[in-house]
């Protein structure tokens with residue numbers, strides 16, 4: 001089953017013909033993702049060849065030929081696509097998400113980093129009103145190992161399994177995926193490090209709680225905002241599956257943005273210590289380092 | 001990016017919000033001249049990007065131009081919570097009758113902006129909200145609709161503000177949207193004895209992500225941002241994502257979350273991280289060389305920890321980058337490298353073959369942090 005993304009998902013790539021779009025579409029195909037098309041009004045009607053065999057199981061089949069459509073709507077009409085991965089530059093990201101939502105796509109995964117907050121506020125509200133789930137922006141996307149990969153998460157560092165993972169950080173996601181590669185993951189969702197994001201820790205916790213293929217949830221957070229505190233309250237009230245946590249940013253000084261636009265301690269709010277305390281009060285075991293968090297997962301699965 | 005008070009004041013004025021007459025200077029003599037132009041009696045205000053200036057003695061009334069010069073001399077160079085005062089704003093005094101609070105802030109939980117307003121301005125709004133929550137109105141703003149006159153009237157009435165503030169609320173929303181601000185806060189917004197509504201002090205935070213369409217910031221505002229650290233400025237020039245901290249273990253890593261985590265793990269080993277530096281996914285030789293250059297220029301650094309997880313960029317490519325970087329940067333401090341992830345073994349082999357006397361490797365993040373802390377303490 002997994003959450004949000006399966007091998008049945010049909011994926012469009014907005015901005016596929018750009019540098020990042022090309023590179024990662026190839027990787028998504030190599031991970032078995034059913035990429036059904038790209039979107040670029042100036043290159044509509046063309047086909048892009050990727051040197052990735054379509055039939056991965058036997059590594060047979062012809063290289064993938066992916067058609068380019070003039071709009072998301074056109075691509076959806078032609079292919080039945082239900083997921084879009086957005087690689088377009090920051091200045092055009094708002095229009096891209098609005099277009100995808102207007103076309104009625106179910107899930108838009110926005111990889112683009114550096115989108116102005118006012119644009120994010122606008123497209124999130126627009127998408128919500130139209131029933132489109134947005135993941136990101138400024139996120140690595142999500143992967144259901146062995147089935148599909150929508151975004152830029154390296155697919156080859158882990159394997160399918162029964163851990164669900166939700167994280168604000170890309171590389172910490174990779175780190176945990178790798179440390180727990182022998183156990184494997186149902187789905188890993190990078191929700192992004194921006195202040196305004198479409199899918200939250202809580203959304204993913206709810207989905208993992210319902211997912212019969214997920215036994216344990218790893219939650220990775222970082223300084224800024226109070227999403228982790230709210231997630232802790234949700235876990236206390238609604239999540240019965242075990243949750244292991246990790247929080248980054250204990251040493252971050254107040255008032256400085258630490259890489260991610262949303263990673264900032266303001267006054268006494270948004271600190272790592274407060275997030276850890278809230279999670280622990282909700283019964284979540286929180287690792288002091290990523291490696292310790294991985295060890296806590298192993299402990300938990302043994303009991 | 002936070003603006004100085006005087007920059008925020010100008011921005012508000014451009015959008016038609018009434019502010020006190022004021023000018024900025026960085027020399028005491030300048031304060032005397034400004035006071036003379038403003039009619040003698042003035043308020044001298046330290047320009048630093050931190051709160052609590054008044055309590056720290058950074059805001060003072062001067063009775064005449066000579067006193068303004070004397071006061072400016074006292075305030076310039078003052079340290080307020082680690083910020084050195086390099087400029088003062090000299091403003092006309094205002095006869096305050098009432099003080100209010102108004103702001104638009106991003107509410108991350110809902111992904112919308114919130115209007116926050118209170119008839120009890122002039123003090124720390126968080127304190128007011130904590131002790132008397134009913135005195136603070138919090139009203140979400142629909143992003144499609146914005147703050148119309150009707151909406152502003154609703155906000156003013158909910159907070160108990162007089163009707164004359166409605167116009168300010170509308171214009172302040174204009175500042176927020178048109179200037180790509182993440183925060184605009186006026187505290188206090190005052191009604192004078194003469195019945196005028198004036199923005200006495202303002203805080204504005206601009207969205208760095210909007211630089212591409214707010215081109216004038218680059219020229220005006222960045223040039224005025226002289227509070228930054230020299231190393232941070234050098235790093236910014238090279239396009240590095242660097243934050244200077246006060247420690248002895250220099251840190252380079254890929255990915256904001258992993259780097260934040262690396263700082264924590266080093267701190268957990270009893271050492272203090274000297275910086276945050278995220279070199280992102282690429283980790284090319286040039287970026288690695290630039291990063292090492294900035295970190296080694298920090299006199300506090302005693303050891304350096306390079307923590308890379310090879311995801312999209314495999315570890316052998318990262319190792320090649322480090323080796324090439326070491327050809328251009330003279331390593332003066334011990335370097336601990338931890339490579340893990342894709343092609344980690346190949347990457348480690350490349351570094352081993354290079355046999356640099358100051359470079360050593362560790363296979364785990366925790367082990368590498370311990371080693372970097374040990375080396376920092378040994379020096």
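Every read-out reported here was derived from the displayed coordinates using simple, explicitly stated rules and does not represent laboratory data. Model, not experiment: these values are computed from the prediction. Note: ideal-geometry Cβ built from the backbone for every residue, glycine included; neighbour counts use all protein chains shown.
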>> In Å and on Cα atoms, what radius of gyration and Dmax does the stretch A:179-221 show?
In response: 11.4, 34
> Alpha carbon centre of the stretch B:336-366 versus the stretch B:29-100: separation in Å?
Replying inline: 55 Å
>> Full-extension gain between residue B:177 and residue B:33, please, as 0.36 nm times their residue separation minus the C-alpha to C-alpha distance.
In response: 48.2 nm
>> Going by average Cβ density within 10 Å per residue, which order do the peptides B:362-372, A:185-195 take, highest to lowest?
In response: A:185-195, B:362-372
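Hey, what's the per residue convex hull volume over the C-alpha atoms of the stretch B:302-379, in cubic angstrom? Let's see the in-between values first.
Details: hull volume 5.7 nm³, N = 78.
Each residue corresponds to 73 Å³ of Cα convex hull volume.
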> How would you rank A:67-74, A:160-167, A:86-93, highest first, on the average number of other Cβ atoms within 10 Å across their residues?
Replying inline: A:160-167, A:86-93, A:67-74
> How long is the stretch B:336-379 along each principal axis, judged by its Cα atoms, biggest number first, in Å?
Replying inline: 31, 22, 7
> At what distance in nm do the modelled label points of residue B:297 and residue B:213 sit from each other, each positioned 7 Å from its Cα along Cα→Cβ?
Replying inline: 3.4 nm
> Say we join alpha carbon atoms closer than 10 Å with springs in a Gaussian network model of chain B; which of B:130, B:109, B:236 then has the biggest fluctuation?
Replying inline: B:109
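Rounded to a whole number of µm²/s, how large is the Stokes-Einstein D of the stretch B:227-378 at 37 °C and 0.692 mPa s, given Rh as the Kirkwood radius over C-alpha pairs?
Rounded to a whole number, D works out at 222 µm²/s.
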> Which whole-angstrom value gives the distance between the alpha carbon centres of the stretch B:191-215 and the stretch A:87-114?
Replying inline: 31 Å
> Relative to the first principal axis of the alpha-carbon coordinates of chain A, what is the inclination of helix A:290-302, with its axis defined by its Cα atoms, in degrees from 0 to 90 and to the nearest 10?
Replying inline: 80 degrees
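Per residue of A:110-120, count partner chain C-beta atoms within 10 Å of its C-beta, then hand back the mean as an integer. Don't jump to the answer; show the numbers that get you there.
Values: counts 0, 0, 0, 2, 5, 3, 10, 11, 13, 6, 5.
Counting Cβ atoms of other protein chains within 10 Å of each residue's Cβ and averaging gives 5.
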>> Taking a virtual spin label 7 Å from the Cα of residue A:102 along the C-beta vector, which residues in the stretch A:71-87 bring their backbone nitrogen under 11 Å of it?
In response: A:72-73
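For chain B, divide the Cα radius of gyration by the Kirkwood radius and give the resulting Rg/Rh value with two decimals.
Details: Rg = 25.5 Å, Rh = 23.7 Å.
Taking Rh as the inverse mean 1/r over Cα pairs, Rg/Rh reads 1.08.
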>> Distance between the C-alpha centers of the stretch A:129-154 and the stretch A:232-269? Whole Å please.
In response: 21 Å
> Which whole number gives the average count of other chain Cβ atoms within 10 Å of the Cβ atoms across peptide B:309-319?
Replying inline: 4
> Hey, can you rank A:242-253, B:203-214, A:139-150, B:240-251 by average C-beta count inside 10 Å, highest first?
Replying inline: A:139-150, A:242-253, B:240-251, B:203-214
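Sorted from largest to smallest, which semi-axis lengths in Å does the alpha carbon gyration tensor of chain A give for its equivalent ellipsoid, taking the root of 5 times each eigenvalue?
On the way: eigenvalues 203, 102, 49 Å².
Square roots of five times the eigenvalues give 32, 23, 16 Å.
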> Hey, rough spin-label estimate for residue B:272 and residue B:374, points 7 angstrom out along Cα→Cβ, what's it come to in nanometres?
Replying inline: 2.3 nm
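What does the convex hull of the alpha-carbon atoms of the stretch B:21-91 project to on average, in nm²? Don't skip to the answer; put the middle values down first.
Details: hull surface 15.3 nm².
If I average the Cα hull's projected area over directions, I get 3.8 nm².
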> Measuring from label point to label point, each 7 Å out along Cα→Cβ, what is the residue B:324 to residue B:79 span in nm?
Replying inline: 4.3 nm
> P(r) for the stretch B:102-216: what percent of alpha-carbon pairs falls in each 10 Å bin, starting at zero?
Replying inline: 14, 46, 32, 7, 0
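Run through every distinct alpha carbon pair of the stretch A:219-277 and return the Kirkwood hydrodynamic radius in angstroms, one decimal place. Before the final figure, lay out the partial values.
Numbers: mean 1/r = 0.0850 Å⁻¹.
About 11.8 Å, per the Kirkwood formula over Cα pairs.
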>> I need the per residue convex hull volume for the protein assembly as shown, using only the alpha carbons, in cubic angstrom as a whole number.
In response: 164 Å³
>> Please list, by residue number, everything in the stretch B:82-116 whose backbone N is under 15 Å from a paramagnetic label point 7 Å out along Cα→Cβ of residue B:21.
In response: B:90-95
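Kirkwood Rh over Cα pairs of the stretch A:189-303 into Stokes-Einstein at 10 °C, 1.306 mPa s: D in µm²/s?
The diffusion coefficient I find is 111 µm²/s.
Quick one: pull the percentage of alpha-carbon pairs in the stretch A:114-262 with a separation above 26 Å.
I get 22 percent for the Cα pairs in the stretch A:114-262 exceeding 26 Å.
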> Per residue, what volume in Å³ does the Cα convex hull of the stretch A:1-119 take up?
Replying inline: 106 Å³
> Shielding of B:203-211 by partners, i.e. mean partner chain Cβ atoms within 10 Å per residue?
Replying inline: 4
